[in-house]
1. Less than 14 Å Cβ to Cβ from Gly212, Lys/Arg counted +1 and Asp/Glu -1: what total charge do the surrounding residues give?
2. Across the range 59-71, in residue order, what do the Karplus-derived ³J(HN,Hα) couplings come to in whole Hz, using 6.51 cos²θ - 1.76 cosθ + 1.60 with θ = phi - 60° and x for Gly and Pro?
3. Which of the following values of Rg/Rh (Cα atoms, Kirkwood Rh) was calculated from the structure shown: (1) 1.10; (2) 1.00; (3) 1.03?
4. List the trypsin sites (Lys or Arg not before Pro) within the range 335-365 that DSSP assigns to loop and that have no more than 14 neighbouring Cβ atoms inside 10 Å.
5. So what's the gap between the Cα centers of the range 216-276 and the range 68-105, to the nearest angstrom?
6. Note down the net charge around Trp126, summing +1 for each Lys or Arg and -1 for each Asp or Glu among other residues with Cβ under 14 Å from its Cβ.
7. Can you give the alpha-carbon Rg of the range 141-241 over 2.2 N^0.38 Å, where N counts its residues?
8. Hey, what does the equivalent ellipsoid look like for the range 56-108, semi-axes from the Cα gyration tensor as sqrt of 5 times each eigenvalue, largest first, whole Å?
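Please treat every number below as a calculation from the coordinates, not as lab data. Just so it is clear, the structure is predicted and the values come from calculations on it, not from any experiment. With ideal geometry, Cβ positions are generated from the backbone for all residues, glycine too; neighbour counts draw on all protein chains shown.
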Amino acid sequence: MTQLQQLNRQLCALSVFRSILDTPVVLGLQKLIYAIDKGSLEEQISACGAFTKALYEEGGNLSIFVLNYIKDNENVFVRKKLSGETISAAMMESMKADLAVLQKLASLDATQVTGAINYDGYLPLWTTEPVDLAAEYADMLANLATKGYGIFARYRSFKVKDGRLVPVTHADSQTITQLYGYSRERNQVLENTKALASGKGASNVLLYGDAGTGKSSTIKACAGACAAMGVRLIEFDKRQLAEIPALIEQLAESPLKFIFYIDDLSFVEGDDAFSCLKGILEGGVTGHSANIAIYATSNRRHLVKESIEARQGSGLHLNDTLQETMSLSARFGLTITFSKPEKDLYLEIVKSLAKERGLRLEEAELFKRAEAFAIRSNGRSPRTAKQFVQLAKIGLK
């Protein structure tokens, strides 16, 4: 029996990490080994090209592909580890045996395979590098609460699509130190996020105020600042609020901490999503999930867009109408206001951004242009300051 045949049989016996057999890379490799054993030369050459193509689409490095797979794989072993269930000696032994097989796979050199094909033409190659899968996996298991597991080990931000979490591969990388002004407000959000990360109990947070003041950027930056502490950000569209309870149930056992982020939150009269979110904030769901907090931004303090007729109410029920429309924001444990900056703060933000971006202008000229830009635009705000500096940097302002 050749080494390739032996590896193929060992792959067929995988249990804990068995789903790797369904990946295009390993499917392609097994077809290649079968072709080398039983197929024609043309079948061997074709299978070699198909396997290498599948691996190229994963980066072209077989060792890193296998390493990323074991870190991303949410298998029965990891689920039992997360839930605190007892792991049997048999399953533990199977996990270790699987890792030993995958170590052989990760070390499979291209020449070992192409050398078994009796062809003097060019055959595509791939790369490998030294990896210690057992040590990497042990480190991941020891740090599940901070480094994460599965997709949470590789990504920090997510969106929701059809009830599933989809990683944001190019998440906003702006740090808290790159946001200027509103230090008191941002510190409140940051401290609440640290409390969430440490398991001390965090409040649901509403950031409301004028557009362009950095509410969304604050949430993303605070989540990023606490990512190494095990915080992950999940963004919801307002139309997806009904999916929150199911995801809370799914993530409640996780050692990680999650911010459920809703941007630009507002409702119209009779909106079903209003009652849905109200119920969640009242604690019917999140009250039992200390690893989850809801962070929302809004340009409206009371979140509900009311008509004049609704505001006037109808006779005896006027007070009930007003209380209902004002009640949702009161259910956020922490409400933080971001108002448009006064002139001094606006110019301080401009000055800080200009220094960061290397914009060289005399201060008086810088301030003069910045003020003129704010008048022509939507008024003073951090967003306006950022737009001005970006344009001034390329000579358009």
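1. +2
2. Listing the rounded values in order: x, x, 10, 5, 5, 5, 4, 5, 4, 5, 4, 5, 6 Hz.
3. So the calculated entry is the one marked (1).
4. On the way: sites: Lys343, Lys351, Lys355, Arg357, Arg360; in loops: Arg360.
Within the range 335-365, the qualifying trypsin sites (Lys or Arg not before Pro) (loop, at most 14 other Cβ atoms within 10 Å) are Arg360.
5. 30 Å
6. Numbers: positive: Lys53; negative: Glu57, Glu58, Asp109, Glu129.
So the surrounding residues net to -3.
7. 1.10
8. On the way: eigenvalues 128, 38, 5 Å².
Result for the range 56-108: semi-axes of 25, 14, 5 Å.
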